[in-house]
1. Answer yes or no: is there a residue in the range 47-63 that is at pLDDT below 95 and either over 25 Å from Val158 (Cβ atoms) or under 15 Å from the mean Cα position of the chain (by Cα) (or both).
2. Is there a residue being over 29 Å from Asn169 (Cα atoms), modelled with pLDDT of 95 or more and either surrounded by fewer than 17 Cβ atoms within 10 Å (Cβ to Cβ) or of a type outside the set (D, E, K, R) (or both) anywhere in the range 79-95?
3. Within the range 158-180, count every residue that is β-branched (Val, Ile, Thr), out of contact with any Phe, Trp or Tyr (no Cβ under 7 Å at 6 or more places or on another chain) and within 15 Å of Lys116 (Cα to Cα).
4. Criterion first (part of a loop (DSSP other than H, G, I, E, B), out of contact with any His (no Cβ under 8 Å at 6 or more places or on another chain), touching a residue at least 40 places away in the same chain (Cβ under 8 Å) and crowded, with 20+ Cβ neighbours inside 10 Å) does Ile168 satisfy it?
5. What's the number of the condition Glu78 fails, among (1) in contact with a Leu (Cβ under 7 Å, 6 or more places away or on another chain); (2) farther than 19 Å from Ile145 by Cα?
6. Residue under question is Val148, and the condition is that it be closer than 21 Å to Glu78 by Cα, in contact with a helix residue (DSSP H, G or I) (Cβ under 7 Å, 6 or more places away or on another chain), surrounded by 18 or more Cβ atoms within 10 Å (Cβ to Cβ) and modelled with pLDDT under 95; does it hold?
Amino acid sequence: MSAAKIQLNFVLTLIISGIVCSWALILKKPDHATLRAETEETVIMKTEVPGINDWHGYQDDMDAHYAFKVFFGKTLAEMQPWFRQSVIERTDELRFMPTKAFQYYIFALRDYIIEKNYSEDDDDCAVDCLFNLVQQKINSDPGAILPVIDELIPALHVIAANVAMYNINMDIYGSIPQRLQLLLQSYQQLHLPS
């Protein structure tokens with residue numbers, strides 16, 4: 001697919017989904033460096049490594065306790081080798097950690113994919129892990145994902161617009177653009193007046 005078609009697909013995806021985005025995103029498909037810089041400027045929650053108070057209650061849950069042992073005190077960059085060891089295990093640990101820690105470390109998974117820290121045989125699995133985790137949190141724990149989802153959506157759009165780059169096997173993982181649309185519909189449903 002040509003660069004112009006990829007850019008057109010990206011713009012159409014943004015328009016169809018009803019996401020309000022900056023003119024820079026509409027006029028120019030963001031590259032990974034631009035996406036990283038823009039999201040770092042807007043995400044206040046990910047500026048500080050979660051402290052012990054942000055892990056409140058981890059001792060009461062075996063899965064959260066294990067997540068604490070792996071993640072506690074580490075920066076997003078320091079978590080990259082851990083995601084490379086096993087993105088599936090790290091994603092599972094994200095599911096069970098306390099909300100404030102999750103809201104910080106979800107960006108380690110996002111960065112793992114956007115910054116291409118994955119191994120060649122892990123790229124499609126990593127994408128699937130991110131999309132599944134975000135959808136699961138929207139469905140079962142919206143209070144954990146809603147404060148950070150607006151910072152995740154641009155990355156999800158970039159991934160969906162560049163499926164070939166991530167070697168996503170549609171027979172296994174389905175259509176990532178369709179999954180994004182379903183995810184956005186679920187998200188928008190949370191904002192509908194009751």
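The values are calculated or read from the model by the stated rules, or taken from the named source; none is laboratory data. Predicted model only: the values in this text are computed from it and were never measured. Every residue, glycine among them, receives a Cβ derived from its backbone with ideal geometry; neighbour counts consider all protein chains shown.
1. yes
2. The answer is no, given that none of the residues of the range 79-95 is over 29 Å from Asn169 (Cα atoms), modelled with pLDDT of 95 or more and either surrounded by fewer than 17 Cβ atoms within 10 Å (Cβ to Cβ) or of a type outside the set (D, E, K, R) (or both).
3. So the count comes out to 3.
4. yes
5. Result: Glu78 passes all but (1).
6. Against the criterion (closer than 21 Å to Glu78 by Cα, in contact with a helix residue (DSSP H, G or I) (Cβ under 7 Å, 6 or more places away or on another chain), surrounded by 18 or more Cβ atoms within 10 Å (Cβ to Cβ) and modelled with pLDDT under 95), Val148 does not qualify.
Every residue, every condition in (1) surrounded by fewer than 19 Cβ atoms within 10 Å (Cβ to Cβ); (2) farther than 18 Å from Asp171 by Cα; (3) of a type in the set (Ser, Thr, Tyr), yes or no:
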residue	(1), (2), (3)
Lys100	yes, yes, no
Gln103	no, yes, no
Ile106	no, yes, no
Asp111	no, yes, no
Lys116	yes, yes, no
Ser119	yes, yes, yes
Asp128	no, no, no
Phe131	no, no, no
Asn139	yes, yes, no
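Matching residues to (1) of a type outside the set (A, V, I, L, M); (2) in a helix (DSSP H, G or I):
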site	(1), (2)
Ala64	no, yes
Gly73	yes, no
Arg90	yes, yes
Lys100	yes, yes
Gln103	yes, yes
Asp128	yes, yes
Lys137	yes, yes
Val148	no, yes
